[in-house]
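The values are calculated or read from the model by the stated rules, or taken from the named source; none is laboratory data. On a predicted model such as this, the values are computed, not experimentally measured, just so you know. Here the Cβ is made from the backbone with ideal geometry for all residues, glycine too, and neighbour counts use every protein chain on show. Side chains are part of the model used for accessible areas, which takes the heavy atoms of the whole protein and leaves out ligands, DNA and RNA. Shrake-Rupley method; radii C 1.70, N 1.55, O 1.52, S 1.80 Å.
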Amino acid sequence: MKEINKLPQITIAFWIMKICATILGETAGDLLSMTLHAGYALSSVILLSFFLVTLSIQLFSKKYHPVIYWLVILATSTAGTTMSDFMDRTLNLGYATGSLILVTLLVVTLTIWRLSEKSLSVTNIKSFRGEVFYWIAILFSNTLGTALGDFLSDSSGLGFLGGAFLIGSLLLFIILAYYFTKISHVVLFWLAFILTRPFGATFGDLLTKPTEKGGLNFGTIGSSIVLFAILTILLIISIIKINSIDKQYMQQNSL
């Protein structure tokens with residue numbers, strides 16, 4: 001009997017889509033909160049509601065649906081953008097305090113997950129509770145990544161391009177560690193997952209911010225449309241591939 005898995009395989013395509021979704025999360029979150037003047041608090045409420053709706057569909061689905069899965073990822077990314085901005089700017093907690101709170105929440109989530117499920121698997125979660133922990137950890141990691149990205153862009157002196165280069169270098173180190181060290185792949189996954197968010201945040205700001213602030217001035221609307229189109233194309237390719245695999249499986253079992 002074929003094992004049902006509701007999570008995607010961790011491949012190069014996965015990381016490309018993750019980075020694309022995080023950049024889109026940054027531009028779309030800023031589009032709602034800043035360009036459309038909804039504000040960080042209202043935007044967080046709207047996007048958290050979107051997250052809960054998409055998460056409910058994902059949790060009660062019977063198999064892996066790429067569109068549903070990546071809608072939840074996108075929801076965590078956009079909600080993470082406005083939640084981080086609300087903590088750091090509206091509540092005036094600052095990037096350091098906000099990041100410390102989010103790191104604590106993420107560590108606590110992963111610890112409880114590990115103690116209750118005996119595993120931090122990110123490819124084959126077999127229980128409803130385990131999947132809930134998975135998505136809570138992703139929400140906190142994406143929110144944390146936004147705070148780190150804003151710190152690098154605004155407070156570190158590196159600027160948008162410098163911040164993106166630094167995070168890109170760290171991601172390259174993680175890739176090398178994956179292939180050439182014995183560091184836990186679960187640990188490397190979460191490090192990469194967190195770091196792709198500030199990479200998306202800094203790169204998203206690079207695309208949208210005006211040139212006098214070090215950006216390329218593409219705007220939140222134009223950047224969001226282009227990124228959404230790219231993510232849609234990658235999703236279509238993923239669906240075609242999954243349908244092809246399912247068809248081959250059915251043919252083999254019909255013989």
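Side notes on the structure shown:
- Among the residues of the range 10-55, the ones that are on the phi < 0 side of the Ramachandran plot and without any contact (Cβ under 8 Å) to a residue 24 or more places away in the chain come to 12 in all.
- Within the range 16-47, the set of residues being open to solvent by 30 Å² or more (accessible area, probe 1.4 Å), within 19 Å of Gly145 (Cα to Cα) and hydroxyl-bearing (Ser, Thr, Tyr) comprises Tyr40 only.
- Tabulated pairs, the range 192-212, first closer than 10 Å to Ala164 by Cα, second among the hydroxyl-bearing types (Ser, Thr, Tyr) and at pLDDT 70 or above, C-beta under 6 angstrom, 6+ apart or interchain: Thr196/Thr22; Gly200/Thr22; Ala201/Thr146; Gly204/Thr27
- Residue in the range 76-90 that is surrounded by fewer than 19 Cβ atoms within 10 Å (Cβ to Cβ), of a type outside the set (Asp, Glu) and at pLDDT below 90 present: yes
- Count - residues of the range 177-233 that are open to solvent by 30 Å² or more (accessible area, probe 1.4 Å), assigned to a helix (DSSP H, G or I), among the charged types (D, E, K, R) and under 30 Å from Ser119 (Cα atoms): 0
- Pair list, Cβ < 7 Å and 6+ apart or interchain, from the range 173-186 residues that are without any contact (Cβ under 8 Å) to a residue 40 or more places away in the chain to residues that are outside any helix (DSSP H, G or I) and open to solvent by less than 100 Å² (accessible area, probe 1.4 Å): Ala177/Ile183
- The condition of being open to solvent by less than 20 Å² (accessible area, probe 1.4 Å), touching a Gly at 6+ places or on another chain (Cβ under 8 Å) and among the aromatic types (Phe, Trp, Tyr) holds for only one of Trp113, Trp135, that being Trp113.
- The range 105-151, residues that are over 18 Å from the mean Cα position of the chain (by Cα), part of a helix (DSSP H, G or I) and without any contact (Cβ under 8 Å) to a residue 12 or more places away in the chain: Val108, Thr111, Arg114, Leu115
- Subset of the range 181-206 (residues that are under 9 Å from Thr22 (Cβ atoms) and among the aliphatic types (A, V, I, L, M)): Ala201
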